[in-house]
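Scroll down for the structure; my scribbles are underneath it.
The values are calculated or read from the model by the stated rules, or taken from the named source; none is laboratory data. Since this is a predicted model, take the numbers as computed values, not measurements. Methodologically, a virtual Cβ is constructed for each residue, glycine included, from the backbone with ideal geometry; neighbour enumeration extends over all protein chains shown. Just so you know, the surface numbers come from the protein's heavy atoms only, side chains and all, with ligands and any DNA or RNA stripped out. Shrake-Rupley method; radii C 1.70, N 1.55, O 1.52, S 1.80 Å.
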Amino acid sequence: MNRRAFLTTSTTALAGTLFVPTTSHALDLTQAPLPYAPEALEPHIDALTMNIHFGKHHTAYITKLGDALKTAGITNTDAIGLVSDLKALPAASQTAIRNNGGGHVNHTWFWKWMAPAGSGPTGPEGKLGDAIQSTFTSIDDFKKLFGEAGVKRFGSGWAWLIVTKDGKLKITSTPNQDNPLMKGIVDDADLGTPILGLDVWEHAYYLKYQNKRPDYIAAWWNVVNWAEVAKGYAAAKV
Ligand code: MN
């Protein structure tokens, strides 16, 4: 299978399940392969960062999530369902599942929200493009606000573009490995279906960009997989 065919197959397999928290086994404890080579996002995201980020950080979240579930005697391994309703879990297991379940879910999304520069649309098109323009005035204004959400996140966390339950686009940010599906953790107004997210943990950029988080964010726009974001928007709007 060539890379294009693989990319198409893998994203198709993920679409339609990832964004439905109630689907059992929507995201279990297996790590899907990267949908591109680790060096494919160069020069914007370097191969060493990708290898460590995917092969060490993401893998560790899955291992620790498995450990936490085992300790708590929880047999449900649907990570999206678990992090969406953390308060339903035994109190002693909530923090570990929040951190490591969030880490697993967020990174699974993050890999598919990126693609090699030039491999697809260079910006939001169609209904997604129209919605971004009408919500944020322009694509550039959206990028500015989203980037600011990432820059201003103190310490580690994520910037998000979500579709709220009333179908509106909104930019939010969460600390650590929290995400916009986490009822009872995230403010109700900031709950929604994430259709794009940016990892601003130092592990995502420090080897290449050191302390210059704004430079990382500026470069990251070159590798956003806008086709995937549009697919997520369409699914979330149903
Ligand atoms: Mn990360």
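Under 28 Å Cα-Cα from K168, which lysines qualify once same-chain neighbours fewer than 8 residues away are excluded?
Straight-distance partners of K168: K87, K112, K127, K143, K144, K152, K183, K231, K237.
Quote the convex hull volume per residue of the stretch 111-193, based on C-alpha atoms, as a whole number of Å³.
Per-residue hull volume (Cα only) is 112 Å³.
Can you pull the semi-axes for the chain, root of five times each eigenvalue of the Cα gyration tensor, sorted largest first, whole Å?
Working: eigenvalues 130, 86, 67 Å².
Equivalent ellipsoid semi-axes, largest first: 25, 21, 18 Å.
HN-Hα J couplings of the stretch 80-91 from phi, Karplus 6.51/-1.76/1.60, θ = phi - 60°, integer Hz, Gly and Pro as x?
5, x, 5, 6, 6, 9, 4, 5, 7, 8, x, 3
Please give me the summed charge of the neighbours of T174: other residues whose Cβ is under 12 Å from its Cβ, Lys and Arg +1, Asp and Glu -1.
The answer is -2.
Can you compute 3J(HN,Hα) from phi for each residue in the stretch 151-156, using the Karplus curve 6.51 cos²θ - 1.76 cosθ + 1.60 with θ = phi - 60°, rounded to whole Hz and x for Gly and Pro?
For the stretch 151-156, the Karplus-derived couplings read 5, 7, 4, 6, x, 9 Hz, x marking Gly and Pro.
Counting Lys and Arg as +1 and Asp and Glu as -1, what is the net charge of the other residues whose Cβ lies under 15 Å from the Cβ of T71?
Neighbourhood net charge equals +2.
Rank these residues by their accessible area, most exposed first, probe 1.4 Å: I185, I217.
I185, I217
Add +1 for every Lys or Arg and -1 for every Asp or Glu among the other residues with Cβ under 11 Å from the Cβ of A227, and state the total.
Taking every other residue near A227 into account, the sum is 0.
When only alpha-carbon atoms count, how far does the stretch 19-140 stretch along each of its three principal axes, as whole angstroms with the largest first?
Each principal axis gives a Cα extent; for the stretch 19-140 these are 46, 36, 21 Å.
Could you derive backbone 3J(HN,Hα) for the stretch 174-189 from the dihedral phi with the Karplus parameters 6.51, -1.76 and 1.60 (θ = phi - 60°), listing whole Hz in sequence and x where the residue is Gly or Pro?
Residue by residue, the stretch 174-189 yields 10, x, 6, 10, 5, 8, x, 8, 7, 4, x, 10, 8, 3, 3, 5 Hz.
Taking amide H positions as placed 1.01 Å from N in the peptide plane, with prolines and chain starts having none, which residues 5 or more places from I195, or on another chain, fall under 5 Å of its amide H?
It is L161, I162, V163, by chain and number.
Quick check on the chain: helices-only [θ] at 222 nm, where DSSP H runs of length 4 and up contribute -39,500 (n - 2.57) each and the sum goes over total residues. Nearest 500, please.
-14000 deg cm²/dmol
Expected output is a single nm value to one decimal: the length gained when fully extending between A189 and K127, i.e. 0.36 nm times separation in residues minus the C-alpha distance. What is it?
So the chain would gain 20.0 nm between A189 and K127.
Hey, rough spin-label estimate for S134 and K87, points 7 angstrom out along Cα→Cβ, what's it come to in nanometres?
Label-label distance for S134 and K87, simple model: 3.3 nm.
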